[in-house]
Each structure stands twice: as structure tokens, then as C-alpha cells.
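Following: one structure in C-alpha cells, then a few remarks.
Derivation of every value follows stated rules applied to the coordinates shown; laboratory data play no part. Values in this document were obtained by computation on a predicted structure and should not be read as measured data. Neighbour counts are summed over all protein chains in view; Cβ atoms, including those assigned to glycine, are modelled from backbone coordinates with ideal geometry.
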Amino acid sequence: MNFPATQAIALWCLLVYGLAFVTDHRIERFRGSTLLKLGVMTPRLVVDGQEWWRLLSAVFLHFNLLHLVMNLFGLVQLGGQLERRWGAARALCLFLLAGVGGFVVSCFWYGVESRVPTAGASGGIFGQLGALIGLLIVQRVPEWKNLVLQNLAMAVVIGLVMNVNNAAHLGGFVLGFGLGYLFEKERVRPLTTRVLGVLAVCGVLASVGSLLLSAKSPVVAVQRLHELDEE
């Protein structure tokens, strides 16, 4: 798997944001129907509505330009390092699993009845951060402790100042740490790399499919009717 995974993730996030802009002709405060169409998730919609694909589609959707820019900055910084170390397949699998896993954690953290919408790549990015720390621990680099403290302080500040999904961040971080530790400890074999390459390709196809399923969901039309009634 030779394509640049980090750039592909960034481009997909930009594409989804561009679709939101084209749909609503604004850079933030997108309509509920637009967010639903482009993959936003709520615990209730995922669990009761059985729209499980939103755990993946929501990873690439962002609510405003600041949300997008901050996540892309973290993605490029962390994802690039990990991709150079482990290759595109492992980097992509790690990001997707941490992003989806973070949203799974948030479903149970906030309760399956919650209707609060959530989206963004930050769960995957915290997974990348966790993976980097796992890598440093395996390499016995003492600076990993400072990195943990610095980013913990940053996460606390962001959590206090901004309305963020702390549960998704925590879930993504823990998953990323475990995967990063395993990737750095593993004895790389061609078969393992090929299997992870296939999984990464499946993840790309699933990401596209999740967006298409979200766009065709009946909840989009229902929400749009509510919006038309209010206009």
C-alpha cells in the first residue's frame, strides 16, 4: 500500500467540509439536515436508529472552519510521523480504528439516549498521539512522560474552553496507545503488512460507503421537512 494515507485522510475531510459549504453556502452553523446527510452521529441515532455506519462517517465531518483547521494541523503533524515509521497501511488502520473506537466510547459515556450530535477527526488524532507515546515507551525514550503531561494539559484546557467530545478523545487515545505499542513491538512480516493493506483499503471503501449511506438515510428528509416548516 503505497499511497500517502495522511494526505488522503486530510483530503477526505476537506471534501466533506466542501460538500457542507456547497450545500448550505456557509462555512459554519450548517443545517441539521446537511450534517445528517454528511454523516454526523448521535448515540441514539447509532444505537436505536441502527445507523452504525455513522461511527465512521462522523470521523471526517467537521462543524466549522476552526474545527477543521485544528484537526488537520494535528493530523498532518502526528500522522506524518507515524506513517513514515510504520507505513501507510498501519497509519490508516490506526487512525480509523481510533476514530471509530472513540465514538463508540462516547456513545456509552454520554448514554445511548443522547441526541447531542458529534463529529470530527479528533478521536483518530488522539489515537495517533497515543500511538506516538506507545512508540516512545517501546524505544525507552524518557521524553514520553513530558509529552503525556504536555498533551494532557492541552486536552484539559481545550475541554474547558471549547465544547469537545472528551470521551471520544479518551477512547481514541487508549486505542491508539495500544496499537502503537503493538506496531512498534511487532516483528514485521510481509503477510502481516499485506493483511493490514487489505484492511486499510476496506477502510477507505467503508468510509466512502458510510457517506453514501448517510446521504440516503430517511432521517435526512425528515429533518429537512422540519426545517422547511420553521422557515
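Below are the figures for this structure:
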| read-out | value |
| --- | --- |
| Highest-MSF residue in the chain out of S57, S106, S33 [GNM, Cα springs under 10 Å] | S33 |
| Reachable lysines, given that their alpha-carbon falls under 24 Å from the alpha-carbon of K216 and they are not under 8 places away in the same chain | K37 |
| Farthest toward positive dipole pole in the chain [+1 Lys/Arg, -1 Asp/Glu at C-beta], among V141, H169, F126 | V141 |
| Within the chain, helix-based [θ] at 222 nm, where runs of 4 or more DSSP H residues each add -39,500 (n - 2.57), nearest 500 | -23500 deg cm²/dmol |
| Gap separating the Cα centres of the range 21-61 and the range 167-193, nearest whole Å | 27 |
| Cα-based equivalent ellipsoid, the chain: semi-axes from gyration tensor eigenvalues, Å | 31, 19, 16 |
| Lysines with Cα under 25 Å of K145, excluding same-chain neighbours fewer than 8 positions away | K185 |
| Assigned charges on the beta-carbon of Lys, Arg, Asp, Glu; the range 5-230 dipole about Cα centre (debye) | 640 |
| Coil-residue trypsin sites (Lys or Arg not before Pro) of the range 1-88, DSSP, other Cβ within 10 Å capped at 13 | R26, R29 |
| Peptide ranges 218-224, 119-125 listed from the most packed, as the mean C-beta count within 10 angstrom indicates | 119-125, 218-224 |
| Simple label model, 7 Å out from Cα along Cβ direction - D24 to L212, nm | 2.6 |
| Residue-wise HN-Hα coupling along the range 64-71, computed from phi with Karplus coefficients 6.51, -1.76, 1.60 (Hz; x: Gly, Pro) | 7, 5, 4, 4, 5, 5, 4, 6 |
